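*Asks:* Once you've had a glance at the structure underneath, I'll fire off some questions.
The values are calculated or read from the model by the stated rules, or taken from the named source; none is laboratory data. No experiment lies behind these values; they were computed from the predicted model shown. For neighbour counting, all protein chains shown are included, and Cβ atoms are generated from backbone atoms with ideal geometry for every residue, glycine included. Accessible surface is based on the protein model in full, side chains and every heavy atom, while ligands, DNA and RNA are left aside. Shrake-Rupley method; radii C 1.70, N 1.55, O 1.52, S 1.80 Å.
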Amino acid sequence: MITAFASPSTYVQGDQLLQHAARYIAPFGDHGLLIADDIVWKLIGEQFYQYLTADGLEIEHISFNGESSPEEIERIQGIGEQKDAKFVIALGGGKTNDTTKAVGDRLHVPVVIVPTLASNDSPCTRLSVIYSANGEFLKYQFYDKNPDLVLVDSSVIAGAPVRFLIDGIADALSTNVEAQTVARARATTLLPLQTDQTAAGIALAEKCEELLFKYTDQAVAAAQDHVVTPALSHIIEANILLSGVGAESSGLAAAHSFQNGLTALSGDVHKLSHGQKVSFGTLVNLVLEGATDDQFRRYLEFEAALGLPTTLADLHLENVSDEDLLKVATLTTQKGETIHNMGFPVTPRDVLAAIKATDSLSRKMQGLA
């Protein structure tokens, strides 16, 4: 058995961290790209740019178009080559991060991730989720290394709308559920090395879940008031570091495959975030593996208390046909999807049954049936 563990070279988290970011970035070189969409640029990008340039760095701002597509990656890569960028910085959310990682890989320069949200675990991983220009899931793209530097300013995370923190909690909640599934199946991890789990990877996934159940209520209350507290700092770390490294080094299963499978449909379901879709996927994962009623209820009640989707109606799919659900199930089980880490063969028919059973059980336990 060969095991492997991966993580960012350096992870730094703290209040008002952006004001001092240059000291961590400067070792990579004196000029690079700062990739941010127009909304993030206006909210915090211009100020961050001023911090960096005031400390002696030469920064080229690149406006991100919003989609981590091959076309956008190639466009920014071309600018990086023209400017001879020595590093690339992502300032923003998951798709900005994923695009920047791809650009850094192509340019062979250090990647710096500065998340403005704790809504997903993309900052720490050595992969990108690649979509078409119109938003359809295409593939996971893997790299030889994780980001060189992840800088998390807790005050920036606290300043964002609380719903984004809750989205990240939903994504993080799947980490240990899927990690334990992979452990039981003795399947390989998400790392592109075809390796098994380390005890460290499993420990981080378990710690991630422990922090979520201990501190989520306090953290959400702090985020609603846009203040940084120890509880919020714990949840930021769980959402970004522990979830990212834990998932990557322990593996994914059905929860994330279901999220990808939803791209088979059009409509209001795509108004929901990655984490919101994964929250229902976590419940599907539990049903597929035969979790007990008590196990299912524990995660259901946690998600429901946060207003996360736990029924098909919550996914805006209350009137969905079995034919459309079968399309979701078929895409969920396509070759290469992580649902095949369940430890037993999973067919579209199995997934269709699990989706419907999850919806029915969720409604029954919540008194909605």
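*Asks:* Apply the a/c threshold of 1.5 to the C-alpha gyration tensor of segment 130-269 and tell me whether it is rounded, prolate or oblate. Could the numbers behind the result be given before it?
*Replies:* On the way: a/c = 1.72, a/b = 1.25, b/c = 1.38.
It is oblate, given that a/c is not under 1.5 and a/b is not larger than b/c.
*Asks:* Once neighbouring chains are kept in place and the probe is 1.4 Å, which whole percent of the accessible area of segment 79-195 is contributed by carbon and sulfur? Could the numbers behind the result be given before it?
*Replies:* On the way: 1800 of 3750 Å².
Carbon plus sulfur share of accessible area: 48 percent.
*Asks:* In whole percent, and with a 1.4 Å probe on the protein chains, what portion of the accessible area of segment 21-70 is carbon and sulfur? Don't jump to the answer; show the numbers that get you there.
*Replies:* Numbers: 1200 of 2520 Å².
The C+S portion of the solvent-accessible surface of segment 21-70 is 48 percent.
*Asks:* Could I ask something else about it? Which lysines does Lys42 reach when only Cα atoms under 20 Å apart count, and residues fewer than 8 places away in its own chain are ignored?
*Replies:* Lys95
*Asks:* Let me ask you something else. Between segment 48-124 and segment 228-249, how far is it from one alpha carbon centroid to the other, in angstrom?
*Replies:* Comparing the Cα centres of segment 48-124 and segment 228-249, I get a distance of 22 Å.
*Asks:* Of the peptides 346-358, 221-233, how do they stack up when ordered by the mean number of other Cβ atoms within 10 Å, highest first?
*Replies:* Working: 346-358: 19.1, 221-233: 17.0.
Going from most to least packed, we get 346-358, 221-233.
*Asks:* What three numbers, in Å, describe the spread of the alpha carbons of segment 214-313 along their principal axes, ordered from the longest?
*Replies:* Cα spread of segment 214-313 along its principal axes, largest to smallest: 39, 31, 27 Å.
*Asks:* Reported to two decimal places, what Rg/Rh ratio describes the chain when computed on Cα atoms with Rh from the Kirkwood expression? Could the numbers behind the result be given before it?
*Replies:* On the way: Rg = 19.8 Å, Rh = 20.6 Å.
My calculation of the ratio gives 0.96.
*Asks:* Report the full-extension gain for the segment Asn134 to Glu60: residue separation times 0.36 nm, less the Cα-Cα distance, to one decimal in nm. Before the final figure, lay out each step's value.
*Replies:* Numbers: separation 74, 0.36 × 74 = 26.64 nm, distance 2.67 nm.
Value of the extension gain: 24.0 nm.
*Asks:* Then there's this: Hey, can you find the accessible area per residue of the chain for me, probe 1.4 Å, expressed in square angstrom? Intermediate results must be reported in sequence, preceding the final value.
*Replies:* Working: 15100 Å² over 369 residues.
Counting only protein heavy atoms, the per-residue value for the chain is 41 Å².
*Asks:* Modelled label-to-label distance, Ala22 and Glu301, 7 Å Cα→beta-carbon offset: nm?
*Replies:* Output for this residue pair reads 5.2 nm.
*Asks:* If you don't mind, another one. Beyond 30 Å between alpha-carbons counts as too far, so tell me which of Lys335/Lys364; Lys86/Lys271; Lys139/Lys271; Lys86/Lys277 fall in that bin.
*Replies:* Lys335/Lys364; Lys86/Lys271; Lys86/Lys277, as the Cα separations exceed 30 Å there.
*Asks:* How many percent of the accessible area of segment 267-313 is carbon or sulfur, using a 1.4 Å probe?
*Replies:* Values: 800 of 1810 Å².
C and S atoms contribute 44 percent here.
*Asks:* On a 0 to 90° scale, report how tilted helix 94-107 is relative to the longest principal axis of the chain, with both axes built from alpha carbons and the result rounded to the nearest 10.
*Replies:* Helix 94-107 and the main axis of the chain meet at about 60 degrees.
*Asks:* Here is a follow-up. What is the projected area of the convex hull of the Cα atoms of segment 294-369, averaged over all directions, in nm²? Write down the numbers at each step before the final one.
*Replies:* On the way: hull surface 22.7 nm².
If I average the Cα hull's projected area over directions, I get 5.7 nm².
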